[in-house]
1. For the range 119-161, with all protein chains present and a 1.4 Å probe, just round the carbon and sulfur fraction of the accessible area to a whole percent.
2. Can you bin the range 39-197 into rounded, prolate or oblate? Criterion: square roots of the alpha carbon gyration tensor eigenvalues sorted a ≥ b ≥ c, rounded for a/c under 1.5, prolate for a/b above b/c, oblate for the rest.
3. If I model a spin label at Arg92 and Glu116 as a point 7 Å from the Cα along the Cα→Cβ vector, what separation in nanometres do I get?
4. Long-range amide H contacts for Gly148: which residues qualify at under 5 Å (H placed 1.01 Å from N, peptide plane, sequence gap of 5 or more or a different chain)?
5. Need one number: nm distance between label points at Ala190 and Ala131, each 7 Å from Cα along Cα→Cβ, rounded to one decimal.
6. Summing Lys, Arg as +1 and Asp, Glu as -1, what charge do residues with Cβ under 14 Å from the Cβ of Gly81 carry, Gly81 excluded?
Amino acid sequence: MFLRIGINKVAIEINSQCVNRVFVAKTVSAPALAARPRLAYGRWMSGFPASPMMARALAEARAAAARGEVPVGAVIAAADGTLLAASGNRTRELTDPTAHAEMLAIRAACAALGSERLLGAVLHVTLEPCAMCAAAMAAARVARVVYGAADPKSGGVMHGARVFDHPQAHHVPEIIGGIGESESAALLKAFFAERRR
């Protein structure tokens with residue numbers, strides 16, 4: 001449950017689906033709340049630290065950066081929490097523009113399960129998925145997508161194509177954005193700052 005209550009230019013956010021069933025309530029100014037991204041089918045959870053699965057995705061992103069790839073990492077867990085796949089970007093290494101972390105993780109998870117469907121699976125990724133990756137998530141029937149940093153330039157979930165907003169989307173996973181946002185964004189900023197030197 002995610003509830004927003006506006007009171008005299010101040011909003012209170014209450015989120016009852018937090019780690020360890022802890023209830024969190026924090027005061028946010030109305031302008032700050034209005035500036036936050038809105039998801040018709042998900043939640044924006046800025047400020048929450050990386051979960052263990054997101055920490056694993058961040059490790060994959062760091063490994064990608066060490067290979068000279070854009071530092072994006074993804075992991076997929078089965079409904080019972082079992083890790084199915086983990087990957088980082090490999091577009092340069094494989095000379096394949098579709099070798100995004102999410103695509104590689106989806107392929108590996110499907111191979112591990114012997115199915116083109118990832119029913120009940122949760123995909124954690126450090127950056128908002130692009131339109132290509134979001135479409136693959138819909139095709140694979142991923143149950144939930146958890147991502148770190150928003151991507152206003154190339155994102156396809158909350159920005160740009162907004163793949164899951166279209167009536168043509170055959171499947172719409174639950175979307176949770178902003179988990180591990182600061183760590184994910186810092187990794188990307190550092191990578192591109194180094195590239196510009």
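The values are calculated or read from the model by the stated rules, or taken from the named source; none is laboratory data. For clarity, every value in this text was computed on a predicted model and none was experimentally measured. When we count neighbours, we look across all protein chains shown, and the Cβ atoms used for this are built from the backbone with ideal geometry, even at glycine. Surface accessibility is based on the protein's heavy atoms, side chains included, excluding ligands, DNA and RNA. Shrake-Rupley method; radii C 1.70, N 1.55, O 1.52, S 1.80 Å.
1. On the way: 790 of 1300 Å².
So the carbon and sulfur contribution to the accessible surface is 61 percent.
2. Numbers: a/c = 1.42, a/b = 1.24, b/c = 1.15.
Because its axes are fairly even, with a/c under 1.5, the range 39-197 counts as rounded.
3. Each label point is offset 7 Å from its Cα along the Cβ direction, giving 3.4 nm.
4. Long-range HN contacts for Gly148: Val125, Thr126, Leu127, Glu128, Gly178.
5. That separation, rounded to one decimal, is 3.3 nm.
6. On the way: positive: Arg56, Arg144; negative: Asp80.
Spelling it out: positives minus negatives among the neighbours equals +1.
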